[in-house]
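Right, one structure below, let's go through it.
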Amino acid sequence: MIEEAAAAVTGHVEKESGEAGSLREVCWRGRGVAFSPLDVDDAELVNSWRADPVAAHEIGMWPRSLSAVRERIERDRDDNDRDDFLVLLPDGTPIGHIALIDQDLVDGTAEIMLMLDPGHRGQGYGVDAVDALVDLAFGELPMHRVQAVTHATNSAALGVLTRAGFVREGVRRSACLHRGRRYDVEVLALLRDEWQALTRPRSWDMPAHGQ
């Protein structure tokens, strides 16, 4: 659920303070952000983002122990139908978790998930991250349709998806139970021909920083 050329897109960036000298492997780049494969060692960071009250409300997450999050990341890492990444700033600061899940290479469908650090919302990074992930889905994978779902009241996420070119397809009425209330869930999607019609630069056109 959404909250809010190879050499040109790979490289390394330094990890954030406290881990001086170590590097995160950059596997994909976008406009203003880069992706690094999510690792089990990132569990504490992801757990802190999950605990944010806004994310808990808008994404419908519930508190989990650190060990449970670690086990979930480790299990997802072995799932061939999904790819999970940390969203990084050019200086290597991790600001979110993005994933392409439920990948069906036969039908060419997948779903996108995004969770941003509270301190980096509303600054355009959500759109940058979504743009980069759909470039991966359509440019390197044989996807035809990428969908996203979010609470119908989550105006920030709906704005991010709309700016990234996603089209609202419909509403799953009363599809989510959260804090004793039922919420509608909006379904949005981007098709391959719609992505091809976008005039923005693609991820492989982005300059590599921090190498």
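Below are the figures for this structure:
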item	result
Residue match in the stretch 4-20 (condition: open to solvent by less than 40 Å² (accessible area, probe 1.4 Å), modelled with pLDDT under 70 and closer than 28 Å to H151 by Cα)	yes
Residue ranges of helices (runs of 4 or more DSSP H) in the stretch 111-211 with at least 1 members of a type in the set (K, R), under 24 Å from F35 (Cβ atoms) and touching a strand residue (DSSP E or B) at 6+ places or on another chain (Cβ under 8 Å)	192-197
Test for T162: is it open to solvent by 20 Å² or more (accessible area, probe 1.4 Å) and at pLDDT below 95	no
Cβ pairs under 6 Å, 6+ apart, first in the stretch 176-187 and more than 12 Å from T153 (Cβ to Cβ), second at pLDDT 95 or above and open to solvent by 20 Å² or more (accessible area, probe 1.4 Å)	V187/E169; V187/G170
Single unsatisfied condition, H97 versus (1) more than 14 Å from the chain's Cα centre (by Cα); (2) under 28 Å from A197 (Cα atoms)	(1)
Single condition V106 does not satisfy, out of (1) β-branched (V, I, T); (2) exposed (fewer than 14 other Cβ atoms within 10 Å of the Cβ); (3) within 15 Å of P37 (Cβ to Cβ)	(3)
Pairs, first basic (K, R) in the stretch 148-170, second open to solvent by less than 10 Å² (accessible area, probe 1.4 Å) and outside any loop (DSSP other than H, G, I, E, B), C-beta under 7 Å, six or more apart	R168/L188
Top-ranked residue of the stretch 26-72 - restricted to ones that are among the acidic types (D, E) and modelled with pLDDT under 90, ranked as farthest from the chain's Cα centre (by Cα)	D52
Residue satisfying all of: in the stretch 139-159; crowded, with 23+ Cβ neighbours inside 10 Å and modelled with pLDDT of 95 or more; nearest to the chain's Cα centre (by Cα) among these	A148
Within the stretch 121-172, tally of residues that are touching a helix residue (DSSP H, G or I) at 6+ places or on another chain (Cβ under 8 Å), over 22 Å from V106 (Cβ atoms) and acidic (D, E)	1
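The values are calculated or read from the model by the stated rules, or taken from the named source; none is laboratory data. Because the structure is predicted, anything quoted here is derived from the model rather than measured. Positions of Cβ are generated from backbone atoms using ideal geometry, with glycine treated the same way; all protein chains shown enter the neighbour counts. Areas reflect the complete protein model, heavy atoms only, side chains present, ligands, DNA and RNA absent. Shrake-Rupley method; radii C 1.70, N 1.55, O 1.52, S 1.80 Å.
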